[in-house]
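Worksheet: the structure to be examined is printed underneath.
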Amino acid sequence: MLIQGEGGHYNFIVRTTRKMTSIIIFILLWQLLVQANVMSPLMFGNLPSPWDVSKTFSTVLTQKIYYYHIFASLYRIILGSMLALPTGVVIGLIIGRSKLAEDFILPILDILRPIPQIAWIPVAILLFPSVEGSILYITFLGAFFPILINTISGVENVSVSLITAARSLNASEWQLLKYIYFPSAIPNIFTGFTIGVGISWMSVVAAEMISGKYGIGYYTWTSYTLMAYSETIIGMITIGAMGTLCFWGIKFVERYCLRWRADKGG
C-alpha cells in the first residue's frame with residue numbers, strides 16, 4: 001500500500017503524464033491536419049506543421065528582437081495590472097460598503113464594463129499622446145473591471161456573524177474594513193485578478209496588433225502580414241506560455257497570502 005507521501009508523489013506523476021499525453025496528442029492531430037491538407041488541399045492551406053514551427057523556433061530563440069517583444073508585452077501587463085489591482089480593490093471596497101457610492105458610481109461603471117477593450121483603442125489614442133500610454137490604458141481596463149466586480153462580491157458576502165461579533169466589541173468602521181471586510185474579500189480579489197490578467201493579455205495583444213510598434217502581439221501580426229506563418233504560430237504559443245506563467249505566479253502568491261486557510265484546514 002502507498003503511504004500518504006507516496007500516494008501524493010504517485011498522483012503527481014500520473015497527472016503530469018496525462019498532461020504531457022494531451023499535449024502530444026494535440027501535436028499529432030495538428031500534424032495529421034497538415035498532412036491531410038497536403039493530400040487534399042481544402043482547408044488549412046498555409047498552416048505550418050509542428051516540425052516547421054520547431055525548426056523556425058530554434059532560429060527565433062537566437063534573435064534578440066524576439067525577447068524584446070516578450071519584455072515589452074510583459075512590462076505592459078505587469079504595469080497595467082499592478083495599477084488596476086489597487087484601483088479596483090479600493091473602489092470595490094467603497095462601493096461594497098456604501099450604498100451612496102453604489103448608487104452614484106456603479107451605474108457608470110456598469111455602462112462602461114460591457115464595452116470590449118478593442119473598442120477603447122480609438123478613445124485611448126485620443127486620450128494619450130503616446131502609443132505606449134494608450135496600450136497601457138487598454139491593459140489597465142482589461143484587469144480593472146474583473147477586480148472591481150469580484151471585490152464588491154467579496155465585500156457583500158462577508159459573514160454576518162463576523163460583523164456582528166466585531167460590532168459587539170465596539171469595532172470602528174475602519175477596523176471593520178481592515179480586519180473583516182478586506183481579509184474576507186481577498187479570495188475574491190485574487191479570482192478577479194486572475195481573470196483580469198487573462199483579459200489584459202487579450203487586450204494588450206489586440207492593442208499591439210492595431211497600434212503597437214513592438215510587443216508579442218505586434219510580432220505575431222507582423223509575421224502574418226509578411227507570410228512568415230511559422231513565426232505567427234510561435235507568437236501565439238509565446239502568448240499562451242506567458243499567460244500561463246502569469247497565472248501560475250498569481251496562484252503561487254495566492255497560496256502564500258492565504259496559507260492561513262490551509263493551516264486551519266480551509
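The values are calculated or read from the model by the stated rules, or taken from the named source; none is laboratory data. Keep in mind that this is a model prediction, so the values were computed, not measured. Note that we place each Cβ from the backbone using ideal geometry, even for glycine, and neighbour counts take in every protein chain shown.
Things worth noting here:
- Residue check, A207 under 19 Å from the mean Cα position of the chain (by Cα), small (G, A, S) and at pLDDT below 95: yes
- Scan of segment 67-101 for residues that are within 21 Å of I163 (Cα to Cα) and small (G, A, S), ordered by number: G92, G96, S98, A101
- Any hit, segment 73-87, residues being in contact (Cβ under 8 Å) with a residue 12 or more places away in the chain and over 28 Å from R259 (Cβ atoms): yes
- In the set (1) out of contact with any Phe, Trp or Tyr (no Cβ under 9 Å at 6 or more places or on another chain); (2) of a type in the set (A, V, I, L, M, F, W, C); (3) more than 17 Å from V204 (Cα to Cα), the condition left unmet by L93 is number (1).
- One residue stands out in segment 116-170 among those that are under 17 Å from I91 (Cβ atoms) and of a type in the set (S, T, Y): the one that is surrounded by the fewest Cβ atoms within 10 Å (Cβ to Cβ), namely S153.
- Condition check for I180: without any contact (Cβ under 8 Å) to a residue 40 or more places away in the chain and β-branched (V, I, T): yes
Residue by residue, here is whether (1) within 29 Å of A241 (Cβ to Cβ); (2) aromatic (F, W, Y) holds:
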site	(1), (2)
E132	yes, no
V160	no, no
W174	no, yes
F190	yes, yes
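- Any chance I77 is assigned to a helix (DSSP H, G or I), modelled with pLDDT under 90, in the same structural domain as K178 (by TED's automatic domain parsing) and out of contact with any Lys or Arg (no Cβ under 9 Å at 6 or more places or on another chain): no
- Those residues of segment 80-113 which are within 20 Å of I195 (Cα to Cα) and surrounded by fewer than 15 Cβ atoms within 10 Å (Cβ to Cβ), in sequence order: M82, P86, V90, D110, I111, L112, R113
- The condition of being modelled with pLDDT under 90 and of a type in the set (F, W, Y) holds for only one of W201, W174, that being W174.
- A residue that is aromatic (F, W, Y), at pLDDT 90 or above and closer than 12 Å to F193 by Cα can be found somewhere in segment 132-144.
- The helices (runs of 4 or more DSSP H) falling completely within segment 168-266 that include 2 or more residues that are touching an Asp or Glu at 6+ places or on another chain (Cβ under 9 Å) and assigned by TED's automatic domain parsing to the domain that holds S73 map to 182-211, 216-225, 229-257.
- Within this structure, F104 passes the test of being over 30 Å from T222 (Cβ atoms) and among the aromatic types (F, W, Y).
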